[in-house]
1. Looking at this structure, is Ala195 in contact (Cβ under 8 Å) with a residue 12 or more places away in the chain and of a type outside the set (Phe, Trp, Tyr)?
2. Write out, first by first residue and then by second, each pair whose Cβ atoms fall under 6 Å of each other, whose residues are 6+ apart or on separate chains, and whose first residue, in the stretch 97-117, is within 19 Å of Val174 (Cα to Cα) while the second is part of a helix (DSSP H, G or I) and of a type outside the set (Gly, Ala, Ser).
3. Just to be sure I understand the filter: pairs with C-beta atoms under 7 Å, separated by 6 or more residues or on different chains, first member in the stretch 380-393 and modelled with pLDDT of 85 or more, second member surrounded by fewer than 24 Cβ atoms within 10 Å (Cβ to Cβ) and of a type in the set (Asp, Glu). Which pairs pass?
4. Which of the residues belonging to the stretch 251-276 are at pLDDT below 80, in contact with a Gly (Cβ under 9 Å, 6 or more places away or on another chain) and either of a type in the set (Gly, Ala, Ser) or on the phi > 0 side of the Ramachandran plot (or both)?
5. What pairs come out if I take residues in the stretch 24-47 that are within 16 Å of Leu180 (Cβ to Cβ) and pair them with residues that are surrounded by 22 or more Cβ atoms within 10 Å (Cβ to Cβ) and aromatic (Phe, Trp, Tyr) whose C-beta lies under 8 Å away, six or more apart or interchain?
6. For the stretch 192-209, indicate whether the set of residues that are closer than 25 Å to Ser370 by Cβ and either over 19 Å from the mean Cα position of the chain (by Cα) or in a helix (DSSP H, G or I) (or both) is non-empty.
7. Looking at the stretch 269-324, which of its residues are closer than 30 Å to Val252 by Cα, among the small types (Gly, Ala, Ser) and under 23 Å from the mean Cα position of the chain (by Cα)?
8. Just to be sure, is Val168 modelled with pLDDT of 90 or more, closer than 29 Å to Ala208 by Cβ and either assigned to a helix (DSSP H, G or I) or under 26 Å from the mean Cα position of the chain (by Cα) (or both)?
Amino acid sequence: MNRDGLARLFGSAIVGQALLSAGNFAVGLLLIRYSDDLNYGRYVLVQSAILLLVTVQRAYVVEPMTVIASQDSGDDKRNMVGSIRTGLQRFLRWALLLAALPILPAWYAGGLPGEMAALIAAAALAGWAMLEREYLRSVLMLYYRPETVLKADLVFVSVLILSVVLAVFVGGWVAVLAALGTAIAAFAGRAPANAALRRSPGWVSGDASAYWSRMSALAVWATIGASIHWLLGQGYNYVLAIKLDSSAVAQVNAIRLLLMPVFLMTIGIKALLLPMAMRWDNEGGFVYLLKRLNQFVVVIALLGCLYFVALYFSADWILANVFNKTYDDYRLMIVMWSLLALIGLVREGFLAALMVRKRFRATAWMIGLSAFVTLTSMWFALDFMGAPGALVSLAAGEFLFLACVIYLAWREMLRPAEAEAVNVSGPVD
């Protein structure tokens, strides 16, 4: 891909993430301003659970598929993404059915309140819809078509905002209605992406067992690592809910919402980085790959720092006039969330390089260590610092993880020159 093509790809990805960022900010703002902390806290917990599902799918399916399909010919690539999609759809239908089966008996027996039963059912439906949508987005990125992703995201965001507006207008079970709106929006956003891929390259389906076999060596450790990383990045919500309450979840995530543009940009950059990293590694080897990734990440990090400074000095006005809320220790939480966002941006660059070189097992161990440090320290920090203690513990764990990732990348640079030629079917470290 030439420089102009790369700039167009990067620009489209940034615009797409800006759109998702604006949409998520609007949804969070509506729920914070026009519903109570209990409903917003429950909505955050639902979104965290959906993020876990998306994270597992990305690690077990999308990332190994991207690594392998990027080296396949056009027909092989088309066959692979179509066959995997068919198997994935079949699995998700059965998973949704199994998730929904216990809800009605539990509610009927009095073991589950009606609102919670409805929330779990809506969350399961939303999870299914989001997994379908995210898979199609990843295939479009694999074919370097971010403009089509942008169109699909525009539909998703528009329907999501409209659904949440209706939810807060109706009132009552706001979190349930918002979760249901997420499902409707995901199905709506899925439609244009599916139509575009049906036209080109066209869906084909066959026996996916050979593809799963090729992916399995990469997928297992990648999934373990990604799941533990979700625990590192999202587990704090459930620790807060258990140790404090849903209002504490709402408080911490309301401040995080102010950093949403940077966090969503990190998610979008992550989806874009792996295909680009594969190309750079093939073009110039691992040292060249790290150089390009570092240049890429530095630009994004500088943009993020400008945003952090502007946010810090405007937070008073935003909380008073936009959120219509006041929170204790909000400046400390802004600083901590900014630090976490910056660490995340830098970390994703090194992680993309390690994924290209299939260092899934070593990465999983490092993530596990970081998650253990984070959640263990958080359990006690909440007793002394309250809600901000969760962010201090998160920062400690993320710093440790970043240091481990940099160490693994440094070790990879010291490998013999023959390691530059990596066979996809080779062993996973």
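The values are calculated or read from the model by the stated rules, or taken from the named source; none is laboratory data. Keep in mind that this is a model prediction, so the values were computed, not measured. Every residue, glycine as well, gets a Cβ built from its backbone with ideal geometry; the counts of neighbours run over all protein chains shown.
1. Working: in contact (Cβ under 8 Å) with a residue 12 or more places away in the chain: no; of a type outside the set (Phe, Trp, Tyr): yes.
For Ala195, the condition - in contact (Cβ under 8 Å) with a residue 12 or more places away in the chain and of a type outside the set (Phe, Trp, Tyr) - is not met.
2. From residues that are within 19 Å of Val174 (Cα to Cα), the pairs are Ala117/Ile103; Ala117/Trp107.
3. So the pair list comes out as Pro388/Asp329.
4. The one that is at pLDDT below 80, in contact with a Gly (Cβ under 9 Å, 6 or more places away or on another chain) and either of a type in the set (Gly, Ala, Ser) or on the phi > 0 side of the Ramachandran plot (or both): Gly268.
5. Leu31/Tyr40; Leu31/Tyr43
6. Start the filter on the stretch 192-209 by keeping residues that are closer than 25 Å to Ser370 by Cβ, which leaves none.
The answer is no, given that none of the residues of the stretch 192-209 is closer than 25 Å to Ser370 by Cβ and either over 19 Å from the mean Cα position of the chain (by Cα) or in a helix (DSSP H, G or I) (or both).
7. Ala271, Ala301, Gly304
8. Values: modelled with pLDDT of 90 or more: yes; closer than 29 Å to Ala208 by Cβ: no; either assigned to a helix (DSSP H, G or I) or under 26 Å from the mean Cα position of the chain (by Cα) (or both): yes.
No: the conditions fail for Val168.
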